[in-house]
1. What order, most packed first, do the peptides 139-150, 121-132, 7-18 have when packing is the mean number of other Cβ atoms within 10 Å of each residue?
2. Rounded to whole Å, give me the distance from the Cα center of the stretch 8-35 to that of the stretch 133-151.
Amino acid sequence: MDRTTDSSDTERLARLFDGHHRRLFLLAVRLASDREEARDLVQETFLRAARSPRSVPDGDSAGEAWLVRTLVNLCRDRWRRVAVRVRGRAVLQEETGEPAADPEAAAVARATVHAALSALPPRRRAVIVLCELEGRAVREVARLLGVAEVTVRWHLLAARRELARVLLEPRGGETP
């Protein structure tokens, strides 16, 4: 690899970072459990681009789509790891009989919605966050995720139904 290529790759990645890091961070905040995790996810996304700059397609739109797909895939990996830990904690809590802390109403609401989102498969979660929370159009979400628009609409419909079911189902011991 010659120096001209290295310099042009660096400049292209710098333009992608300048143009998209804020939007990627906002997406990551909505997909992740906290801001620090979101920062880590965005950092890892750009590190992957820096490690393999030729894998990032040319063009602002194609580059953004690559970054979003990479971020979503990183989120999926983290969700899988976290799910294993959560299941382990739940089993341990059942065995010890320790009750969970009782947070205030706002914290409970956030946790409930976050848990409902976490129950969604990763692609559906990404679609609902991009469409509903970020207000992006189906066409744009399809482009960012590299799927057909009909696929985005299907995931959006399924995600809404799953969220409604999870959020509206009675909690343990309650009868409707």
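1. 121-132, 139-150, 7-18
2. 18
No lab work stands behind these numbers, since they all come straight from the coordinates. Given the structure is predicted, the values throughout are model-derived calculations rather than measurements. Don't worry about glycine lacking a Cβ; one is built from the backbone with ideal geometry, like all the others, and counts go over all protein chains shown.
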